[in-house]
Amino acid sequence: MGGRNPTGPFRAGEDVILVDPKGEEHLLTLTPGKPFGTHKGNILHDDIIGKPDGSRVWTARGTVYRIFRPSFNQYILNLKRHAQIIYPKDIGPILLWADIFPGAAVVEAGVGWGALSIKLLEAVGPGGRLISYEVREDFAESGRKTVTRFLGECPNHEIKVRDIYEGIDEKEVDRVVLDLPEPWRVVPHAAQALTPGGILLSYLPSTLQVKQMVDRVEEQGSFTEPEVFEVIHRPWHVKGQSVRPVQWMFSHSAFIVVSRKIT
Ligand code: SAH
């Protein structure tokens with residue numbers, strides 16, 4: 001079916017997240033007649049269809065699961081992925097620092113699994129547009145599927161199977177967002193494509209890439225001095241008398257480098 005259906009009981013064709021007693025999550029698409037197999041017995045999809053969001057369902061052997069409409073984080077983190085994604089902790093700040101606004105024209109590269117594409121499309125809204133460059137045909141296709149499964153068809157989303165290092169076709173673009181290995185090769189193209197005051201944002205795992213990007217942006221002469229930061233998300237364990245940070249955390253994803261086009 002595809003597309004968010006945020007109210008009412010679960011319907012056939014919708015995605016659902018099942019949460020087991022240990023908090024483990026499973027993403028599935030509701031299909032009449034199909035069972036969801038667990039080692040504690042099956043749950044029938046038909047037992048979920050018709051129930052409200054947040055309800056309980058039981059396996060044949062009496063284990064209780066909670067059912068929810070997937071939030072964005074639950075959807076993205078439970079997909080079977082082949083490419084690296086931008087993690088949810090970074091997506092929020094990317095939307096703010098790239099200042100993605102309703103009606104904006106945004107170019108992004110690459111698509112990968114389309115995690116960022118979903119949030120860019122939501123932020124530009126139906127009055128904006130997103131043009132996503134992806135060099136690999138298989139990722140263009142899987143990214144498109146991930147996006148439409150969550151948002152439904154998006155007529156304002158165009159995926160181009162293209163190497164963005166060779167150029168950007170669009171002009172008067174408001175924002176360029178890059179998640180690929182050598183964004184410095186896109187700096188001259190972004191300088192041509194961006195409208196004055198437009199924003200160029202890159203997401204880079206290594207400090208050496210950050211340095212190369214900052215040097216290139218500064219040499220180009222068409223951008224403000226880049227702002228560079230990383231986002232640290234430290235979860236806490238709050239149970240009984242134990243109120244403290246969790247012992248293990250995901251300590252690094254990537255740095256964010258942002259600057260603005262000047263005339
Ligand atoms: N932002 C994505 C993940 C992107 S992974 C997400 O949130 O899911 C990086 C992607 O960039 C890969 O799919 C890779 O194929 C693509 N890529 C790498 N170099 C590219 C280039 N020169 N032009 C377009 N896409 C490129």
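The values are calculated or read from the model by the stated rules, or taken from the named source; none is laboratory data. Everything numeric here is computed off the predicted structure, so don't read it as measured data. Methodologically, a virtual Cβ is constructed for each residue, glycine included, from the backbone with ideal geometry; neighbour enumeration extends over all protein chains shown.
Values computed for the structure shown
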quantity	calculated
Selection from region 111-155 of residues that are polar (S, T, N, Q) and more than 23 Å from A191 (Cα to Cα)	S142, T146, T148
Condition check for R69: among the basic types (K, R), surrounded by 16 or more Cβ atoms within 10 Å (Cβ to Cβ) and within 30 Å of F139 (Cβ to Cβ)	yes
Spans of strands (runs of 3 or more DSSP E) in region 15-72 with at least 3 residues among the hydrophobic types (A, V, I, L, M, F, W, C)	15-19, 64-68
Residue within region 119-138 that is more than 15 Å from V177 (Cα to Cα) and without any contact (Cβ under 8 Å) to a residue 12 or more places away in the chain present	yes
Matching residues, region 135-149, being hydrophobic (A, V, I, L, M, F, W, C) and out of contact with any Lys or Arg (no Cβ under 9 Å at 6 or more places or on another chain)	F139, V147
Residue among G54, G114, G92, G125 that is surrounded by fewer than 17 Cβ atoms within 10 Å (Cβ to Cβ), under 11 Å from the mean Cα position of the chain (by Cα) and either closer than 26 Å to T7 by Cβ or of a type in the set (A, V, I, L, M) (or both)	G92
L79 vs. criteria modelled with pLDDT under 95, under 18 Å from R149 (Cβ atoms) and touching a strand residue (DSSP E or B) at 6+ places or on another chain (Cβ under 8 Å)	yes
Wholly enclosed helices (runs of 4 or more DSSP H) of region 83-202 bearing at least 2 residues within 11 Å of the ligand (Cβ to nearest atom) and modelled with pLDDT of 95 or more	88-97, 115-124, 137-151
Residue in region 146-164 that is nearest to V210 (Cα to Cα), counting only those that are surrounded by fewer than 17 Cβ atoms within 10 Å (Cβ to Cβ) and not polar (S, T, N, Q)	D163
